Structures are given as C-alpha cells and as structure tokens.
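Heads up: the structure comes next, in structure tokens.
The values are calculated or read from the model by the stated rules, or taken from the named source; none is laboratory data. Everything numeric here is computed off the predicted structure, so don't read it as measured data. With ideal geometry, Cβ positions are generated from the backbone for all residues, glycine too; neighbour counts draw on all protein chains shown. Heads up: the accessible areas ignore ligands, DNA and RNA and are worked out on the full protein's heavy atoms, side chains in. Shrake-Rupley method; radii C 1.70, N 1.55, O 1.52, S 1.80 Å.
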Amino acid sequence: MQKRRSTIYYVDYLLKNCAMTPRFLLFFVALIISCLSVQKMNAQGKKLQNSSIITEVKNIQKRFSDSVKHYDYKKDAALYRQKYGSFYSEKLKNLKNLYENIYDKEVIIGKTDPSISFKTTSGIQVKNNVSQTEITPPKEVKNKSVDIAEVENYQQLEELRKRLTLDFPTYLMEDFDGGNYRCKLNFTIDVDGKFKKVKYSESSDTEFSIISALFLYAIGGLEKPLFYNKKPIVQAFAQPIILRFE
C-alpha cells in the first residue's frame with residue numbers, strides 16, 4: 001500500500017514541476033498505470049483450482065448472517081441467543097456436508113511403494129503412506145529412507161506451506177472472536193499432484209478446521225506432480241495451520 005502511495009506522489013510531483021511534452025507525459029502516465037496493474041495482479045496470488053468451493057462457503061456464511069439479522073439482541077437477548085445457536089448449528093452442518101461430499105468422492109489413483117519412505121527435516125511433515133495391515137515384514141522388503149529434497153518438484157511443498165497461512169481466506173472469519181486458532185491438516189498428494197483425503201485434527205475450533213480443509217481442497221493441487229526416480233509418487237503429508245485473529 002505504501003509503495004502505491006509513493007508512486008502517486010511521485011507522478012504528482014512530476015506534473016507540477018517538470019516541463020514535459022503532452023505526448024511524453026501521456027506515455028509516462030500510461031507506464032505508471034501499467035506497473036500498478038502488474039503489482040495488483042501479483043498481490044492477488046495464485047488462482048484457486050477449485051474456487052467454487054470457496055464460493056459455496058461464502059453462500060453458507062451469508063445464509064447464516066442473513067438469518068441472524070432478523071433478530072435484535074437488544075430487544076430480546078434470550079430469543080437472539082436461541083436463534084443464533086440454531087442458525088450456527090445449521091451453518092456448521094452445511095460446512096461439514098460440503099467437506100464430506102468432497103472427501104467421499106475422492107479416489108487415489110497412485111500406488112505407494114512400501115520399500116521407500118520419505119523424510120523431512122523442516123517444513124511440511126511427511127506421513128507414513130502404509131497402514132499397519134499393509135506393511136510387509138522387514139525380512140521380505142528392506143525400507144529405503146529418502147530425503148524429500150531428492151524428490152523432483154519438492155520445492156512446491158514449501159510454497160504450499162506458506163500459502164496455507166498467507167493466503168488463508170480470513171474474510172470468511174468475520175464473526176470469529178480474537179485469539180489463536182489452530183488445526184492440523186493431514187492429506188495425500190496423488191500422482192497427478194492433486195490434494196486428496198484431507199483430514200483435520202488437533203482442532204481448536206471446528207469451523208476453523210473445516211474451512212482450513214476446504215481451503216486446501218480449493219487450492220486443488222500442486223502445479224506439477226512429485227517425481228522420484230522419474231516416476232510420479234503418491235505421498236501423505238501433514239501441515240499445522242496457526243492463525244491469530246485480532
């Protein structure tokens with residue numbers, strides 16, 4: 001914001017103090033406007049692959065707000081609290097249904113390699129892909145531990161970690177009280193780079209956790225799949241989200 005204000009002041013200074021031909025002045029102003037447009041586009045960040053999910057969350061939030069507006073706390077506090085609780089329960093139910101409908105329809109198309117396990121020292125945490133019932137006895141298969149840095153396109157994981165907090169749709173949290181909110185997202189990145197089987201845990205607030213999971217679904221996936229030994233991999237990850245609302 002400060003950068004844009006400084007640019008405007010600089011243009012105003014030139015207009016008042018510099019003798020320019022009308023043609024050059026027009027070119028200069030057009031150049032400044034073009035730069036501001038690029039800055040605005042960069043500030044908007046990457047687009048969501050599944051933006052309709054956020055649109056539906058907005059609709060659910062709006063229906064809740066519109067319903068609450070019909071009641072006045074000052075006129076009848078008891079009735080307001082009763083209706084607010086009822087409408088909030090309905091909103092939470094609708095958010096859960098949206099999340100569960102997405103989760104239930106997903107199918108992981110890749111297959112894990114039980115002989116390889118990936119590890120990280122920082123950033124998004126790597127989770128065990130194989131359930132206990134699928135683990136092959138150590139005598140039959142030797143497990144090879146591989147640093148995630150050896151995976152092609154792994155840099156996208158750090159970009160995702162930052163995006164989950166920097167681009168978090170805080171505008172959906174207008175009714176939240178101040179304080180810290182946290183949850184942990186467990187998810188799988190499939191061989192096509194898509195985020196699947198997103199689960200939330202360690203939740204401080206149910207609504208915050210559901211919206212966090214839906215936000216990850218809205219992002220959709222990585223720009224490029226993860227590769228190891230020139231083959232796309234399917235891998236489970238975990239990432240905590242911690243935000244503070246003032």
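So here's what we get for this one:
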| read-out | value |
| --- | --- |
| Rounded to the nearest 10 Å², the accessible area of Leu222 at probe 1.4 Å | 20 Å² |
| Whole-Å distance, taken between Cα centres, linking segment 76-101 and segment 181-246 | 26 Å |
| For Gly110, residues with placed amide H under 5 Å, excluding near neighbours | Val191 |
| Area accessible to solvent at Thr120, 1.4 Å probe radius, in Å² | 40 Å² |
| Anchor Lys111: aspartates and glutamates whose Cα lies under 15 Å away (excluding residues fewer than 8 positions away in-chain) | Glu134, Asp190, Asp192 |
| Order of exposure, largest accessible area first, which applies to Glu106, Glu150, Glu100 with probe 1.4 Å | Glu150, Glu100, Glu106 |
| Sequence-distant aspartates and glutamates (8 or more away, or on other chains) whose Cα lies within less than 14 Å of Lys46 | Glu159, Asp167, Glu223 |
| Qualifying trypsin sites (Lys or Arg not before Pro) for segment 68-131 [loop in DSSP, other Cβ within 10 Å: at most 14] | Lys69, Lys74, Lys75, Lys111 |
| Surface accessible to a 1.4 Å probe, Ser52 within the full protein complex, Å² | 80 Å² |
| Placed amide H near Ser117: partners under 5 Å, 5+ positions off or other chain | Lys144, Ser145, Val146 |
| Estimated vicinal HN-Hα couplings, Hz - segment 150-162 in sequence order (Karplus 6.51, -1.76, 1.60; Gly, Pro = x) | 7, 8, 5, 6, 5, 4, 5, 5, 5, 4, 5, 4, 5 |
| ³J(HN,Hα) computed for each position of segment 60-68 - Karplus, 6.51 cos²θ - 1.76 cosθ + 1.60, integer Hz, glycine/proline x | 5, 5, 5, 4, 5, 4, 5, 5, 5 |
| Under 16 Å from the Cα of Lys75 - lysines, other chains or at least 8 residues apart | Lys83 |
